[in-house]
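Here the structure comes first, spelled out in structure tokens, and everything after it is commentary.
The values are calculated or read from the model by the stated rules, or taken from the named source; none is laboratory data. Bear in mind that the values here come from a model prediction, so they are computed numbers and not experimental data. Because the Cβ atoms are built from the backbone with ideal geometry, glycine has one as well, and the counts that use them run over all protein chains shown. The accessibility values were calculated without ligands, DNA or RNA, using every heavy atom of the protein model including side chains. Shrake-Rupley method; radii C 1.70, N 1.55, O 1.52, S 1.80 Å.
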Amino acid sequence: MVSPAETLNETVNLLNTLLPSTLSITLFPSRWQTLRTKLASLKSLVSELTYSSHWSDNQLLSQLLPNIFTTLQRVNILCTECSNSGLVTGKLLMQSDLDMATGWLTKQIHDLDLLLRSGVLRYNNALVLSQPLPGSNKEDLCFFIRDLFTRLQIGGVEFKKKALESLIDLLLNDEKTASVVAKEGNIGYLINLFDVHVHREQSVTVISMLCNNDVSRKIVFEQGGLGPLLRIVESGSVQLKEKAVMAIEAITADPDNAWAVSAYGGVSVLLDVCKEGSLIAQSHAIGAIRNVVNSEDVRVALSEECGVPVIVEMIVSGSASAKEKAADCIAILANLSEYFRAVIIEQKGLQKLLMLLHQSSNPDTLEHVLDAICALSLTDSVNRLLSSSTTFISQLSGIIRQGNFTLQQISVLILANLSISDSNKRLISGCMGSLMKLIEFTKPLGLQEASLKVLVALLAVKPNRKEFVKDEKNMMRLTQMLDPVNESVPKKIPVAIVHALMSGGSNGCRKRLVDTGAQSSLQKLNEMNVPGAKKALQRLSGNRLKNIFSRGWRE
């Protein structure tokens, strides 16, 4: 068996002979000029090998060197044939042979250059290096990754397979290595392996794992990964589709990438998955659509592909995760335009959202459902339907009492825009205390006003006014709000509450307010010219009729 050193020596000798021999060839001068340039580049690279201390131990090079020598032998034969005055081979065939030899040399020069630049020839390594232990320094990790990608690009099937296995293990054991893999490795080459059946599953797996990291995800997109991933979704196996669409959802989490989905025709591909894919694939597909639906091009594609009915259907037919993302998608669409609201309503989207609101206990799902309902309630027909639904209004009251802050906020915004009957106002009186708490929050903008509007509406019912003043916590909060020194709440808000409490002229309410010191606070607010304070003070003082008559007498 010929040793690597012997092969290298024969290669150098052949190169030294070939290069001057090509100078005298007159046939096909441009082709031989190209070959001469390739041979000179190869000679320069081969001379570098001796400076790499462990070049002879590298198994990739032990395969590459014999291939290079074989190519040079073929070039030498071509050189001899073209040097003869009478060309035995036909000109077209010779041109083809020269082009093929140039192609082989180009590939082998690329591979040898890759080996030299990677630095792996300076180390004695086995078939695949031992994976760096957690906490290893970055230099060791970078070298390991460069070695893996060198084997991927130069090695045969087995080298590639083991390199991909090592990449998967590396990413599984430490997700933080994803950014280093993306920066040190050739992600474009990994994506190209999608087209090689034997390596497709492993390469898709690696790319999918890289998309879990912000830095590496960006590099995958920049290296053109989205289009090939969409092709995998179209034609891959169930498992490959799941991994590919998972990566697509991650890539589309960056709003700047949204345009590419429609550019690659991805909307129809994702909608097909929503209709017929596995539950896992459906969840990621609707997530990707949700991520890009703010793009105008995507919305146009959704309209053309009749995508809204597909999304609406997922509210009831998908997995829990898919339902949540579908509801979020519906909320975005409903907030964008009257057109989408009309289509959603036509597809019974409101009824399906109400069903999910009743079934789900997940706060995130409920948030998206309520957002969608809030947007749909801008349509008169929906507003009337929700205003007359005792069940829905009762649900909102329960959320205001017991839900998280975000859910409370959305529920209040919805209630503030409904026309609630007196019977339903009485039914949900239990949320008045929670409304008082929400009034104390200055953010988000509009929450105080919406909470006040709902509370004032509830206080229009006499039993609710009596219930409100009997609650010590309500009265304590109201007293604090009325205090001129307290600046946390605009004074027009507690003044409006007092005005609402006294709208029926109840002596019981008046007594409770006076007992808590509301009258003296209102007097100070009146002196400060707070809007509404004078009128509220008159009602509280029992002088309403007297003031009306005296004003009429003066006129």
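Computed on protein heavy atoms with a 1.4 Å probe, the accessible areas place I154, I286 in the order I154, I286, largest first.
In the range 366-506, a dipole from Cβ-located charges (positive for Lys and Arg, negative for Asp and Glu) runs towards its positive end, and of L447, N417, G433 it is G433 whose Cα lies farthest in that direction.
Between rounded, prolate and oblate, where does the range 267-395 land on the alpha carbon gyration tensor, with a ≥ b ≥ c its root eigenvalues, rounded for a/c under 1.5, else prolate if a/b exceeds b/c? Verdict is oblate for the range 267-395. Among the listed pairs K38/K162; K91/K160; K323/K425; K443/K473, those with a Cα-Cα distance over 28 Å are K38/K162; K91/K160; K323/K425.
Extending 7 Å from Cα along the Cβ direction at S419 and again at V485 yields two label points whose distance is 4.6 nm.
Charged side chains reduced to their Cβ positions (Lys and Arg at +1, Asp and Glu at -1) give the range 190-335 a dipole of some 260 debye around its Cα centre.
Toward the positive end of the charge dipole of the chain, about the Cα centre and with charges on Cβ (Lys, Arg +1; Asp, Glu -1), which of A244, G185, A496 goes farthest? The residue sitting most towards the positive pole is A496.
Centre-to-centre, using Cα atoms only, the range 372-450 and the range 271-337 are separated by 27 Å.
Among H358, H199, H368, H110, the sequence by solvent-accessible area, most first, with a 1.4 Å probe is H358, H110, H368, H199. Using the Cβ-Cβ distance between M476 and N186 with R0 set to 56 Å, the FRET efficiency works out to roughly 0.25. When the charge dipole of the chain is built from unit charges on Cβ atoms (+1 for Lys and Arg, -1 for Asp and Glu) and taken about the Cα centre, the candidate among L350, V530, C509 whose Cα reaches farthest toward its positive end is C509. Given the DSSP H assignment, sum -39500 (n - 2.57) over each helix run of at least 4 residues in the chain and divide by its residue total; what's the result at 222 nm in deg cm²/dmol, nearest 500? Helices in the chain give a 222 nm mean residue ellipticity of -23500 deg cm²/dmol. Taking a point 7 Å out from the Cα of K492 in the direction of its Cβ, none of the residues of the range 406-443 has a backbone N less than 15 Å from it. Rg and Dmax of the range 453-512, both derived from C-alpha coordinates alone, stand at 11.1, 32 Å.
Rounded to the nearest 20, the size of the Cβ-charge dipole of the chain about its Cα centre is 3440 debye, with Lys and Arg at +1 and Asp and Glu at -1. If Lys and Arg each add +1 and Asp and Glu each add -1, what is the summed charge of the other residues whose beta carbon sits under 13 Å from the beta carbon of A101? With Lys, Arg at +1 and Asp, Glu at -1, the net is +2. Three principal axis extents of the range 220-326 based on alpha-carbon atoms, in descending order, are 37, 31, 20 Å.
Using the Stokes-Einstein relation with a Kirkwood hydrodynamic radius computed over Cα pairs, the translational diffusion coefficient of the chain at 4 °C and a viscosity of 1.567 mPa s comes to 43 µm²/s.
To the nearest 0.05, how large is the calculated FRET efficiency for S520 and N383 if R₀ is 35 Å and r is the Cβ-Cβ distance? Step by step, r from the Cβ atoms, then E = 0.25. The mean of 1/r over all distinct Cα pairs in the range 450-549, once inverted, gives the Kirkwood hydrodynamic radius of 13.3 Å. A probe of 1.4 angstrom, applied to the heavy atoms of all protein chains, finds Y189 with accessible area near 50 square angstrom. With the largest listed first and rounded to whole Å, the semi-axes of the equivalent ellipsoid of the range 262-324 from the Cα gyration tensor are 18, 11, 10. Per-residue SASA remark: M246, around 70 Å² accessible (1.4 Å probe; ligands, DNA and RNA not included).
Full extension of the chain segment joining E175 with S83 gains 27.2 nm, where the gain is 0.36 nm per residue of separation less the Cα-Cα distance. Taking 0.36 nm per residue of sequence separation and removing the Cα-Cα distance, the L93/D364 pair yields an extension gain of 90.7 nm.
As a ratio to 2.2 N^0.38 Å, the alpha-carbon radius of gyration for the range 334-468 is 1.02.
The convex hull of the Cα atoms of the range 136-266, projected and averaged over all directions, covers 7.3 nm².
Ordered from largest to smallest accessible area (heavy atoms of protein chains, 1.4 Å probe), the residues R510, R231, R151 come out as R231, R510, R151. Between the beta carbons of E6 and L27, assuming R0 = 45 Å, the FRET efficiency works out to 0.85 to the nearest 0.05. Annotation: extensible slack from E527 through D256 equals 92.0 nm (criterion: 0.36 nm per residue apart, minus Cα-Cα distance). Modelled label positions at K161 and Q63, each set 7 Å beyond Cα in the direction of Cβ, lie 1.2 nm from each other. Solvent-accessible surface (1.4 Å probe) assigned to W259 amounts to roughly 140 Å².
In this rough spin-label picture, where each label sits 7 Å from Cα along the Cβ direction, the N335-S47 distance is 6.6 nm.
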